[in-house]
Amino acid sequence: MSKEVILWADDEIDLLRPHIMFLNNKGYEVVTVTNGRDALDAMSGQRFDLVILDENMPGISGLEALQRIKIAQPNVPVIMITKSEEENIMNQAIGSEIADYLIKPVNPMQILLSIKKNLHSDALVAQKVTGDYRQEFMNISQQISAARTIDDWYTLYTTLVRWELTLSSADTGMTEMLKQQKDEANSAFCKFIKRSYEDWITGDEHPLRSNEVFKTAVLPLLKQGEKVCFVVIDNFRLDQWRVISPLLADHFNVDNEQLYTTILPTATQYARNAIFSGLMPIDIERMFPDLWVDEDSEEGKNVNEAPLIQTLLDRYRYKVRFSYNKVNDVAAGEKLVQNMGMFKNFDLNVVVFNFVDMLSHARTESKMIRELANTDEAYRSLTESWFRNSYASEVLRAMAAQGFKVVLTTDHGTIRVNNPIKVVGDKNTNTNLRYKLGKNLSYNPKQVYEILRPQRFGLPSPNVSTSYIFATNRDFMAYPNNYNYYVQYYNDTFQHGGISMEEMLVPLVTLSPK
């Protein structure tokens, strides 16, 4: 392995020979010059891995040399050393994107630490992260085997997401091992859901569900007299919340962050309508038949969200004024930003952002988006990039500026699928790849979670013999007709509607403005 080459420019370089010998003994090659002009000349003829630059040199000053270095080689890290503690000099150096700033006198260990931080931090972090994950691997495996309650699964899934983000930020080569462990966890989670879900719907003991989110997180704030914004980001997972939450840190404090469990199917028509109505789907159909849209209807499945919210407020006797805003594109986002001043006229403002859901579908339909989001890490990165530069970020900042409490959540998550299973249905069978309902479904019952009595599970039954089936893990349902094309087209796409930690265990966050 070749030595890293460091350029050190200081007019008192002879006094620094012990420091240079120390660095040589640590495996670095140090080239020395005594002024800024010689430093620039040296850089024009040789590549350096790092530059150490004295701020106060005769002729070309350290700050002037720094500016020229950044123009010539913008990616080389520069450590600025100075005798001065004047704030304006420090500000100029930091504004020129120095890697570090040290004040004389400096000792050899200070220099070494700064060099390691700037040349080897990635490798050192990767080494540390790899060691930590290897130690944690057995603990996670034991957690998977021991998980018995929904709280166990909340803890386990949160741990897996934390490691997913940690490993993706460091070049460890351990991501495949974590993926296998996550798949193992999902297999166990799906078995847990199969054992538990019916009891959750029919019994008194159950985790926080979609139809209880509004009552649990929003109504208590309204009762306290708070001005509330309820923000729903469609198709939004825990890992995506983790990458956008730092972007809100300057504007909000996190009062509460938890997971809740979505109902089945984990699809917008069921889960989001349950959120806004506070009811299970079968109760929406029974109590408000004009607001429920069947699967085979050509009408949009979420066209009645505002009326459903009104039914919930009426049922709990909350006489509050609310606005409902759905953002499906940039034009709608820009219009909402322009109208943010109107929010103060309402006790409750509900905002639905559909971008993440559209990104998920676009990844299926667009070859370019598939290339941009070819991994979960890339998918998260696109979400972060969208939020950082989007109307959604502006809207949330405006909510903070106006003093609103914000409850942020989603209706369901999504999972990248890669294992086709064959299902046969008639022409009225719905098209979702993660769940099917119909009266003449043909499938292998060992490959799915089947619900033969929908009413018992809070689900409408369009026909007397209607059944629901749900894909688990990374499976997706494919028809035998034109099977190979169908599988190739949908393999490795993000889908929702079925059973997985990513789809069912989703974030619910309460934010207060700073």
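The values are calculated or read from the model by the stated rules, or taken from the named source; none is laboratory data. Note that the structure is a prediction, hence the values are computed from the model and not measured. Note that each Cβ is placed from the backbone with ideal geometry, even for glycine, and that neighbours are counted across all protein chains shown.
Some points to look at:
- Candidates are the residues of region 461-473 that are over 15 Å from residue 432 (Cβ atoms) and touching a helix residue (DSSP H, G or I) at 6+ places or on another chain (Cβ under 7 Å); the one that is modelled with the highest pLDDT is 473.
- Residue, nearest to residue 215 (Cα to Cα), within region 419-452, restricted to residues that are surrounded by 15 or more Cβ atoms within 10 Å (Cβ to Cβ) and polar (S, T, N, Q): 432
- Counting only helices (runs of 4 or more DSSP H) that sit wholly inside region 93-184, not one has at least 3 residues that are assigned by TED's automatic domain parsing to the domain that holds residue 82 and in contact with a Ser or Thr (Cβ under 9 Å, 6 or more places away or on another chain).
- Residue in region 241-261 that is among the hydroxyl-bearing types (Ser, Thr, Tyr) and in contact with a helix residue (DSSP H, G or I) (Cβ under 8 Å, 6 or more places away or on another chain) present: yes
- Per-region count, region 333-375, residues at pLDDT below 65 and small (Gly, Ala, Ser): 3
- Test: residue in region 3-23 that is in contact (Cβ under 8 Å) with a residue 60 or more places away in the chain and either in contact with a Lys or Arg (Cβ under 9 Å, 6 or more places away or on another chain) or small (Gly, Ala, Ser) (or both): no
- The strands (runs of 3 or more DSSP E) found entirely in region 368-447 that carry 1 or more residues being charged (D, E, K, R), in contact with a strand residue (DSSP E or B) (Cβ under 8 Å, 6 or more places away or on another chain) and closer than 28 Å to residue 257 by Cα are 405-409.
- Residue check, residue 165 in contact (Cβ under 8 Å) with a residue 60 or more places away in the chain and surrounded by fewer than 22 Cβ atoms within 10 Å (Cβ to Cβ): yes
- Condition met for residue 173 (more than 30 Å from residue 400 (Cα to Cα), in contact (Cβ under 8 Å) with a residue 40 or more places away in the chain and exposed (fewer than 14 other Cβ atoms within 10 Å of the Cβ)): yes
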